[in-house]
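The values are calculated or read from the model by the stated rules, or taken from the named source; none is laboratory data. Everything numeric here is computed off the predicted structure, so don't read it as measured data. Every residue, glycine as well, gets a Cβ built from its backbone with ideal geometry; the counts of neighbours run over all protein chains shown.
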Amino acid sequence: MEFLNNTFLQQGGLVMYPLCLVSILGFVFFVERAIFLHKGQIGMEVFLSGIQNLVRKKRLVEALTLCEDTPGPMARIVKSALLHMGESRESIHAAIQSAAVVELPTLERRIGTIAAIARIAPLLGFLGTLVAAVKALYQLEAANADSGEFSLLLAQALITSATGLGIAVMAAVAHHFLSGRVRSLVSDLEWIGHSMYEFLITEAADISADAEESGEHGIKL
């Protein structure tokens, strides 16, 4: 810790403290979002197949329970569709869309903050560089200018700029990674929402056909 203080925090100047703060915030947000998005990805085909089998067997309560026990936005969209089972096409479609709209802000939460950190970090580093450059100019103008002090100020300017750029690069990479995961999840949400919509419409049509067939047999009897 003493080595880090002597090398970065002390030599970099006061600007290093906000740089360290934004780097810690960016790391914490990245880890939290990565874990959250990882939990949101489930075996879609297996999950959807299980839900469809339960619905075909008229075990709607068990299907809803499975949705509640399964983490992630996909299970919540399927649950919303199941709650409107038997209603009109427009009602089922609207329920799926509403559930998806609710889930999107949750998926994108804090990712914008990481992008902001990628933009702010170089500015903070540049601010530290300017502060060190101003101090160096005053040192040169002083009658008792010290070359050692000037070298320290030059090192401070380089350290803050390098630190700011380094944090910006890592934050940009983290933002790109998380944005890709969000796009993948959104694509999965669209697929599972469309699949559930088609399944429920088909299931409703089959139930209606069975009911009509039963009615016809009743008249013949």
key: Residues (of a type in the set (Ser, Thr, Tyr) and either part of a helix (DSSP H, G or I) or surrounded by fewer than 17 Cβ atoms within 10 Å (Cβ to Cβ) (or both)) located in the range 46-72   = Ser49, Thr65
remark   = With the first residue restricted to the range 28-44 and required to be at pLDDT 85 or above, and the second required to be of a type in the set (A, V, I, L, M, F, W, C) and surrounded by 20 or more Cβ atoms within 10 Å (Cβ to Cβ), Cβ contacts under 6 Å at 6 or more apart or on different chains are Phe29/Ile114; Phe30/Ala174; Arg33/Leu178
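Are any residues in the range 95-130 small (Gly, Ala, Ser) and farther than 23 Å from Val31 by Cα, and if so, which ones? It would help to see each step written out before you state the result.
Quick first cut of the range 95-130, residues small (Gly, Ala, Ser) only: 95, 98-100, 112, 115-116, 118, 121, 125, 128.
Within the range 95-130, Ala95, Ser98, Ala99, Ala100, Gly125, Gly128 qualify.
Looking at the range 151-162, which of its residues are modelled with pLDDT under 75 and surrounded by 16 or more Cβ atoms within 10 Å (Cβ to Cβ)?
Quick first cut of the range 151-162, residues modelled with pLDDT under 75 only: 151-153.
Passing the criteria: Leu152, Leu153.
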query = Is there any pair with a first residue in the range 128-139 that is among the β-branched types (Val, Ile, Thr) and a second that is at pLDDT below 80 whose Cβ atoms are under 6 Å apart and which are 6 or more apart or on different chains, and what are they?
reply = Thr129/Ala157
Residue that is surrounded by the most Cβ atoms within 10 Å (Cβ to Cβ), among those in the range 73-99 that are without any contact (Cβ under 8 Å) to a residue 60 or more places away in the chain and in contact with an Asp or Glu (Cβ under 9 Å, 6 or more places away or on another chain) = Ala95
query = Does Ile51 meet the test of being β-branched (Val, Ile, Thr) and in contact with a helix residue (DSSP H, G or I) (Cβ under 8 Å, 6 or more places away or on another chain)?
reply = yes
request  = Could you please let me know if Ala95 is in a helix (DSSP H, G or I) and out of contact with any His (no Cβ under 9 Å at 6 or more places or on another chain)?
outcome  = no
task = Name the one entry in Val173, Val186, Val169, Val102 that is surrounded by 14 or more Cβ atoms within 10 Å (Cβ to Cβ) and either at pLDDT 85 or above or in contact with a Lys or Arg (Cβ under 6 Å, 6 or more places away or on another chain) (or both).
result = Val186
